[in-house]
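Below is one structure; the comments refer to it alone.
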Amino acid sequence: MVPTVNQVETHVFNQQTAAHDLMKKYNTQIESWGPFAEGKNNLFTNSTLREVGDKYNKSTAQVALRFLIQRDVVVIPKTVNKNRMEENYNVFDFTLTAEDMEKIEALDTGKSLFFSHYDPQTVEYIISLGK
Ligand SMILES: NC(=O)c1ccc[n+]([C@@H]2O[C@H](COP(=O)([O-])OP(=O)(O)OC[C@H]3O[C@@H](n4cnc5c(N)ncnc54)[C@H](OP(=O)(O)O)[C@@H]3O)[C@@H](O)[C@H]2O)c1
């Protein structure tokens, strides 16, 4: 059985390029878990995101979301703040250029900022959740 949607940690610092390619092959929609990396790695003050955002009068958060959307990643950002909710919604009135996208692609570390699925302790923990 092939999943229709697969929610995995996906943000500018962990872009999931290889996994995303595999999902496309099987028509599985990638959905971001933690589209802002929960703010880790100073995402909201990142200089690349800020530099790109300044061109469009957009925030670092908006650029981070727009990048994922343009890569066909579904994003459902969480906020308890009404202003930030509006900010996160207003990402459909600008388009990042290929050059912008390349700059942001360079932020990818190819690694999780939360945990490694290759660490036996993490695997044991995840298995324990199903018991
Ligand atoms: N499966 C599950 O049980 C489960 C549960 C929860 C979440 N999730 C997944 O986790 C994702 C959501 O959230 P997450 O909290 O884990 O990570 P996240 O979306 O990467 O980050 C959310 C954090 O960013 C802050 N934030 C949101 N918009 C902002 C903005 N425009 N400017 C500055 N800060 C902003 C929020 O703070 P404020 O709220 O203070 O604005 C919150 O601290 C969902 O997409 C969902 O996929 C899954």
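In terms of Cα to Cα distance under 26 Å, which lysines are near enough to residue 24, apart from those fewer than 8 places away along the same chain?
Output for residue 24: 78, 103, 111.
Please determine, in degrees from 0 to 90 and to the nearest 10, the orientation of helix 47-56 with respect to the longest principal axis defined by the Cα atoms of the chain, where the helix direction is its Cα long axis.
50 degrees
For the chain, what does -39500 (n - 2.57) per DSSP helix run (n ≥ 4), summed and divided by total residues, give at 222 nm, in deg cm²/dmol to the nearest 500?
Value at 222 nm, helices only, nearest 500: -12000 deg cm²/dmol.
May I ask you to order 90-96, 63-69 by the average number of other C-beta atoms within 10 Å around their residues, highest value first?
Most protected by this proxy first, the peptides run 63-69, 90-96.
Taking Rh as the Kirkwood radius computed over C-alpha pairs, what is the Stokes-Einstein D of region 5-129 at 25 °C in a medium of viscosity 0.890 mPa s, expressed in µm² per second?
The diffusion coefficient I find is 161 µm²/s.
In straight Cα distance, which aspartates and glutamates are under 18 Å from residue 55, not counting same-chain residues fewer than 8 positions off?
Qualifying aspartates and glutamates at Cα under 18 Å: 87, 93, 99, 100, 102, 105.
Can you give me the accessible area per residue for region 5-129, using a 1.4 Å probe, in Å²?
Counting only protein heavy atoms, the per-residue value for region 5-129 is 62 Å².
Simple spin-label model, 7 Å along Cα-to-Cβ: residue 122 to residue 26 in nm?
For residue 122 paired with residue 26, the spin-label model returns 1.9 nm.
Counting Lys and Arg as +1 and Asp and Glu as -1, what is the net charge of the other residues whose Cβ lies under 9 Å from the Cβ of residue 61?
+1
Out of residues 5 or more away from residue 14 or on other chains, whose amide H comes under 5 Å of its own, with H placed 1.01 Å from N in the peptide plane?
109
For a quick check: with amide H placed at 1.01 Å from N, whose amide H comes under 5 Å from residue 7's, ignoring anything fewer than 5 positions away on the same chain?
Under 5 Å from the amide H of residue 7: 31.
Can you give the relative contact order of region 5-129 as a percent, counting alpha carbon pairs under 8 Å and 6+ residues apart?
On the way: 142 pairs, mean separation 37.4, N = 125.
Dividing the mean separation by the residue count of region 5-129 yields 30 percent.
Could you go through region 114-130 in sequence order and give the Karplus-derived ³J(HN,Hα) for each residue, using 6.51 cos²θ - 1.76 cosθ + 1.60 with θ = phi - 60°, rounded to whole Hz, and x for Gly and Pro?
Along region 114-130, the couplings run 10, 7, 9, 6, 9, 7, x, 5, 5, 4, 4, 4, 5, 4, 5, 5, x Hz.
The values are calculated or read from the model by the stated rules, or taken from the named source; none is laboratory data. What you see is a predicted model, and the numbers here were worked out from it, not measured in a lab. Every residue, glycine among them, receives a Cβ derived from its backbone with ideal geometry; neighbour counts consider all protein chains shown. The area values use the complete protein model at the heavy-atom level, side chains included, leaving out ligands, DNA and RNA. Shrake-Rupley method; radii C 1.70, N 1.55, O 1.52, S 1.80 Å.
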